[in-house]
Amino acid sequence: MNETNFFLKYAYIIPLLPLSSFFINIFFGKRLPRKGDWVSLLTIVTALVMAIGIFYEVIVQGFSPDFKYHVTYPWLTVMDRFHVNIGILVDNLTAIMLVVVTLVSTLVHLFSVGYMHGDPKYNRFFAYLSIFSFSMLGLVLSESVFFLFIFWELVGLSSYLLIGFWFEKKSASYASKKAFITNRVGDFGFLAGILIIFAATGVFGFDEIFASVAAGKLTGTLLTMAGIGLFCGAVGKSAQFPLHVWLPDAMEGPTPVSALIHAATMVAAGVYLIGRMYPVFTADAFLVIAYTGTVTLFIAATIALAQNDIKKILAYSTVSQLGFMVCGLGVGGYTAGLAHLATHAGFKACMFLGSGSVIHAVHSQDIFDMGELRKKMPITFVTFLIGTLAIAGVPFFSGFFSKDMILGDALAFAMLNPKHYALFIVPMFTAGLTAFYMFRLVFVTFFGHARDHHKFDHAHESPFTMAFPLIVLALLSFAFPFEHNNWFKTLIVKPKSAVVLPAGAGHGAAPKHEAAPVAAGEAKHEATPAAEVAPHAVAPAEQAAVAPAEHGAAPAAGHGAVETAGISAEEKEHAAHVKHVTHVAHGIAMYMSLAVAGTGILLAIVVYILGWIDPAKVKAACLPVHTFLANKWYFDELYEVTIIALVMAAARAMAWFDQKVVDGAVNLVASINKWACMFVGRFDNLVVDGAVNAVANATIGGGTVLRRLQTGKIYHYAFVLVGGVVVLFLLKAF
Amino acid sequence: MSLDKFLVVSAALFCCGLYTIMTRRNGVALLMGVELILNAANINFVAFSHYLGKVMGGQIFAVFVIVIAAAEAAVALSIFLRLFATAGSVEVDTADSLKN
């Protein structure tokens with residue numbers, strides 16, 4: 001690494017660029033030429049250039065798994081106990097995320113120039129895109145969980161604004177509220193997790209938290225609770241199982257927004273959070289994460305089978321793919337989950353923008369209004385097909401690269417923990433479902449015969465500003481940008497766990513098995529040379545790595561050194577076993593996933609191209625199932641009658657209490673006051689004012705009487721004068 | 001001649017002046033009454049000075065009074081001139097516009 005890290009030094013400017021264009025566009029956008037879209041474009045392109053510069057400096061020049069650029073300044077200090085730092089943290093993950101966010105954001109900006117053309121709120125749309133870019137870039141650059149939370153809420157806000165962009169539509173304003181409130185539920189858990197960590201460690205910075213946890217300040221159940229709390233935030237933002245209902249509704253927003261926020265970047269923030277806080281999750285927390293992801297990916301994939309709205313299908317496939325990422329992270333596939341994040345951002349943004357292009361052309365979202373569009377929209381068709389091949393997991397495409405890793409890690413986990421085999425079987429089956437429903441979408445939309453001739457005749461290829469982003473994203477859906485030189489797997493390696501096993505359980509065999517995925521990661525990590533650590537790179541992972549070994553041995557200290565040595569030998573053996581299993585599992589998983597994806601694609605061809613099986617007959621044969629899936633497992637209805645009904649009842653009770661009791665008390669006080677005031681008022685009018693008036697009247701009366709004496713006639717005065725002298729004289733004489 | 005005779009003349013003169021002031025409405029007549037009173041006072045000054053004091057203080061005072069009376073007469077007559085020009089008469093009862 002050299003010392004001229006020009007772009008790294010100015011990394012903090014990246015989020016400030018879109019922030020500035022937000023302020024320019026929101027206040028002056030309407031008066032600028034072209035309604036200010038070029039301001040947003042210019043800033044985001046500059047941010048992209050800087051992000052690529054950082055990517056070059058970190059990934060290409062740095063090329064070390066431990067690379068870390070960390071700047072921090074004290075921001076807030078209260079009574080020497082509460083410290084919050086402000087700063088930025090750039091490591092390999094951040095560098096990749098910066099490029100993903102700025103690249104997709106730039107392409108979406110470009111696409112929106114065509115897509116939103118002529119919208120009355122054109123400038124506001126670009127302002128919102130800018131504030132979103134600012135928040136998301138701030139989120140990935142945060143160096144403490146405190147700032148991560150701030151930006152986390154900011155992306156939630158921009159998501160709300162953009163889903164409800166066409167708020168004149170009732171459905172859009174409902175969808176934005178639903179997204180916001182559902183996210184609040186998850187964020188409550190997130191905040192609780194942050195507070196548990198802060199209460200135990202007293203710090204917010206990622207590195208400091210890891211160091212404190214490794215030092216044993218937070219262990220056991222409380223640490224599991226903290227991890228699950230953090231995961232709750234991810235559940236909300238990444239639309240995982242209980243809280244996934246908002247994401248499909250979020251498709252009410254403009255399609256470029258769906259591509260940027262609800263497919264590529266913001267929904268991946270939850271996955272990013274899990275990756276960022278990876279060292280503090282305990283084995284139990286990982287199990288919760290893995291099962292949540294598995295349930296999510298299965299439910300969403302089955303729902304996607306029965307949807308006809310092109311954006312809804314893509315939305316459910318997004319939920320399903322997010323489930324894959326979460327599941328991958330949960331089973332210990334750190335690299336796999338984050339790789340899927342990066343590849344998914346590319347191909348899903350490609351498909352969403354492709355769907356936007358299709359919607360723009362035919363003015364309908366129902367795939368059965370389309371058909372044969374490949375002849376009318378060749379660029380959209382080819383790029384969409386590439387994206388579909390990627391998501392289905394066909395070799396040489398990016399989805400294969402990452403999904404295969406997830407399935408391999410899931411299988412390895414299942415082989416080491418046989419009672420959790422569902423964590424492998426369900427995702428593997430769902431991979432087949434994914435291939436099927438995505439190819440169903442492609443075949444119905446682009447192949448066959450035009451179903452609606454009026455719409456078909458009207459359809460046309462989109463302008464260049466809309467086609468260009470599709471081409472760029474399609475190129476990123478190939479595997480070679482990620483597999484070249486194996487850089488992704490080399491640079492994104494699992495950080496060592498900071499979890500300290502509780503003193504009582506440190507010995508037993510069971511917790512060691514539970515911790516298997518963690519151990520597996522550590523085993524892999526040992527393979528990378530730690531000597532390549534950059535000179536000024538801080539490596540908390542290393543400190544954290546040393547600590548658990550020591551603490552794990554601590555309970556054994558009473559039994560003497562011999563036994564401690566024995567444990568470490570046993571652990572080494574175990575690690576070797578894990579490494580072997582992982583290797584075998586990845587081989588098996590690759591062939592199985594190929595077979596499953598192939599089956600899914602073939603089935604789609606058989607049904608929708610060759611027509612050997614009539615989908616209508618299948619639908620009729622299992623109508624209850626279809627109805628169940630088409631109604632999205634009745635999640636919305638379930639929430640309607642349970643949670644929403646409960647909240648509404650509580651709200652009504654509160655309203656009654658407020659109106660009758662609280663308002664009653666207030667009104668009572670008011671009437672008492674009124675009475676008292678009336679008496680005081682009368683006293684004031686009669687007594688106080690009466691006294692004042694009496695004085696005034698006396699003065700007037702006295703004046704009226706006495707003024708008669710002042711005649712102004714000189715002989716009167718002379719007469720009184722003489723009279724006075726006479727009286728004085730008489731008084732003196734007698 | 002004794003002092004009391006001068007005082008009687010002086011008192012008679014004062015009473016004439018006082019009577020004039022109390023009975024007449026004409027401004028010029030009032031001024032004449034005031035002159036009578038002043039001269040009554042002058043007679044007193046000179047008489048007391050002659051019989052009681054060995055210095056000329058009373059006489060000098062009388063000269064002062066005459067001078068002041070001349071000035072006063074000049075001011076008062078000019079006021080009456082203006083009064084006559086505006087009100088058409090020098091009856092002092094009619095000059096009551098400040099009061100009413």
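Where a number appears in this text, it was derived from the coordinates with a stated rule and is not lab data. Everything quoted here is computed from the prediction, not taken from an experiment. Neighbour counts are summed over all protein chains in view; Cβ atoms, including those assigned to glycine, are modelled from backbone coordinates with ideal geometry.
Put simply, the amide H of A:D91, placed in the peptide plane, has neighbours under 5 Å in A:Y69, leaving out anything fewer than 5 places away on its chain.
Here the 3J(HN,Hα) profile of region A:457-466, calculated from phi with Karplus coefficients 6.51, -1.76 and 1.60 at θ = phi - 60°, is 5, 6, 5, 7, 5, 6, x, 4, 4, 8 Hz, Gly and Pro shown as x.
The lysines within cross-link reach of A:K178, meaning a Cα-to-Cα straight distance under 21 Å and a gap of 8 or more places when in the same chain, are A:K169, A:K170, A:K237, A:K311, A:K312, A:K632. Coupling constants for region A:607-620 follow from the phi torsions by the Karplus curve (6.51 cos²θ - 1.76 cosθ + 1.60, θ = phi - 60°), and in residue order they are 7, 9, 9, 7, x, 5, 10, 8, x, 5, 5, 4, 4, 5 Hz; glycine and proline get x. The distance between label points at A:S364 and B:A71 comes to 12.0 nm (points 7 Å beyond Cα on the Cα→Cβ vector). Using a/c under 1.5 as the rounded threshold, could you call region B:3-88 rounded, prolate or oblate? The axes a ≥ b ≥ c are square roots of the C-alpha gyration tensor eigenvalues, and prolate needs a/b larger than b/c, oblate otherwise. Oblate shape, in that a/c is at least 1.5 and b/c is the bigger or equal ratio. For the pair A:A676 and A:A696, a Förster radius of 30 Å applied to the C-beta separation gives a FRET efficiency near 0.55, rounded to the nearest 0.05.
For a Förster distance of 41 Å, can you work out the FRET efficiency between the beta-carbons of A:Y634 and A:K419, rounded to the nearest 0.05? The partial results should precede the final answer.
Working: r = 30 Å, r/R0 = 0.74.
E(calc), rounded to 0.05, equals 0.85.
Couplings 3J(HN,Hα) for region A:21-33, derived from phi with the Karplus relation 6.51 cos²θ - 1.76 cosθ + 1.60 (θ = phi - 60°), are 5, 4, 5, 5, 6, 6, 9, 10, x, 5, 8, 7, x Hz, where x marks Gly and Pro.
Length, then width, then depth: along the principal axes, the Cα atoms of region A:255-323 run 41, 25, 8 Å. Excluding same-chain neighbours fewer than eight residues apart, the lysines reachable from A:K403 by a Cα-Cα span under 16 Å are A:K348, A:K489. Partners of B:K54 within straight-line reach, counting lysines whose Cα lies under 25 Å from its Cα and excluding those fewer than 8 residues away in the same chain: B:K5.
With helices as the sole contributors, the protein assembly as shown gives -23500 deg cm²/dmol at 222 nm; each DSSP H run of n ≥ 4 counts as -39500 (n - 2.57), and the sum is divided by every residue. Expressed as a rounded percentage, what relative contact order does region B:3-88 have, with Cα pairs under 8 Å and six or more residues apart? This gives 27 percent for region B:3-88. Seen from every direction in turn and averaged, the convex hull around the alpha carbons of the protein assembly as shown projects onto 72.2 nm².
Taking each residue in A:713-720, count the Cβ atoms of any other chain within 10 Å of its Cβ, then average. What number comes out? Please list the in-between numbers first.
Details: counts 5, 8, 10, 1, 2, 8, 3, 0.
Whole-number average of other-chain Cβ neighbours for A:713-720 is 5.
Between amide H atoms placed 1.01 Å from N, distances below 5 Å from A:F397 occur with A:A479, all of them 5 or more places distant or on a separate chain. The relative contact order of chain A, computed from alpha carbon pairs under 8 Å that lie at least 6 residues apart in sequence, is 13 percent. How many angstrom separate the Cα center of region A:566-636 from the Cα center of region B:31-100? Going from one Cα centre to the other spans 135 Å. The calculated FRET efficiency for A:A575 paired with A:Q61, based on their beta-carbon distance and R0 = 35 Å, is about 0.60. The alpha-carbon atoms of region A:1-132 define a convex hull whose volume equals 123 cubic angstrom per residue. Near A:S238, the amide H atoms lying under 5 Å from its own belong to A:G270; only residues 5 or more places off or on other chains count, and H is placed 1.01 Å from N.
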